[in-house]
Amino acid sequence: MKKITIILLTLAIGACKPNPKKEETQQAVQEKAEETKPPYPEALSKVFDAHGGLEQWRKQRTLSFVLPNPENPETHTVDLWSRKDRVDTKQYTMGYDGKEIWLLDPDENYKGNAAFYHNVMYYFYGMPFLLSDNGITYSETQDLIFEGKSYPGIHISFKTGVGASSKDEYILHFDPETHQMAWLGYTVTYGSGEKSDNVRWVRYNDWQTLNGVVLPKSITWYNYQGRDILDPRETASFEEAAVSTTPKPNGFYTKPEGGLVVEPKAN
């Protein structure tokens, strides 16, 4: 979404009465300047374009993929317009219906935090496009060096109250030649309420094109020491991935009978 800040013009104090014509002219000039201001940093716009473009991304409605866990594969489905979601497995199902997070787990097999997990893999998968969301602040950051190559970057933070963890921070690093996303650095503050300086690093270098947008086939977490990237640690593969302009039927994301509402932890 475009983030255009409207700067209010203040009237000069001391005049007997305002000059409407002059005020309107000043306002028109200011609005024109704001309308022509790019909504994203130029480098980030080039990253979006290298992945098919925001216009193409925003046409899509439903996204799905399978995490092929050997004992319990997970099918993740998301409505890209409403951000409703659902995760289906053989043992349990969880989701978000637009108002509440829910979990259906009659045999109590799920041991994690559904309020955190229900959409977390979607956020990794939907990069870089999710960095165009509302409430984001962009700033410069130093390049990331890996195997002798320098990757320029963009620092992303969130305005207070945005999302479940507004104190989280992200750092996107991109290939300077192709402008495709190459690395994601991120902090985790969910449930703690405190900022963290422990930046985790994920490599993005395995891509596929789906309905005109370029999304990851897999991503790999790396061991690290600060900004020094070490060896690969763990890879997540996204199988049977699909992107469609067609929404799921009504009720697909609704809490099923027997499902329990999951309360998110305070942040």
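A few comments on the model shown:
- Using the Cβ-Cβ distance between Val199 and Glu257 with R0 set to 45 Å, the FRET efficiency from 1/(1 + (r/R0)^6) comes to roughly 0.60.
- Area of Ser237 that stays accessible when all protein chains are in place (1.4 Å probe, Å², to 10): 50 Å²
- Pairs from Lys46/Lys217; Lys59/Lys149; Lys59/Lys159 whose Cα-Cα separation, in the structure shown, is over 29 Å: Lys59/Lys149
- Loop-located GluC sites (Glu not before Pro) in the range 220-265 whose Cβ has at most 10 other Cβ within 10 Å (DSSP): Glu257
- Summarising the amide proton neighbourhood of Leu104: residues at separation of 5 or more, or on other chains, whose placed amide H is nearer than 5 Å comprise Thr93, Met94, Leu260.
- Using R0 = 22 Å, the C-beta based FRET efficiency linking Asn211 and Val120 works out to 0.40.
- Taken along the Cα-to-beta-carbon direction at a fixed 7 Å, the label points for Val66 and Glu147 span 3.0 nm.
- Exposure of Leu44 as accessible area (Å², to 10), given a probe of 1.4 Å and all protein chains: 0 Å²
- For the range 196-267, chymotrypsin sites (Phe, Trp or Tyr not before Pro) meeting the loop criterion (DSSP other than H, G, I, E, B) and having at most 15 other Cβ atoms within 10 Å: Phe252.
- On the basis of the beta-carbon distance and an R0 of 35 Å, Thr246 and Glu177 show a calculated FRET efficiency of 0.50.
The values are calculated or read from the model by the stated rules, or taken from the named source; none is laboratory data. Bear in mind the structure is a predicted one, so any value in this text is a computation, not a measurement. Cβ: placed from backbone, ideal geometry, glycine included. Neighbour counts: every protein chain shown. Accessible surface areas use protein heavy atoms only, side chains included; no ligands, DNA or RNA. Shrake-Rupley method; radii C 1.70, N 1.55, O 1.52, S 1.80 Å.
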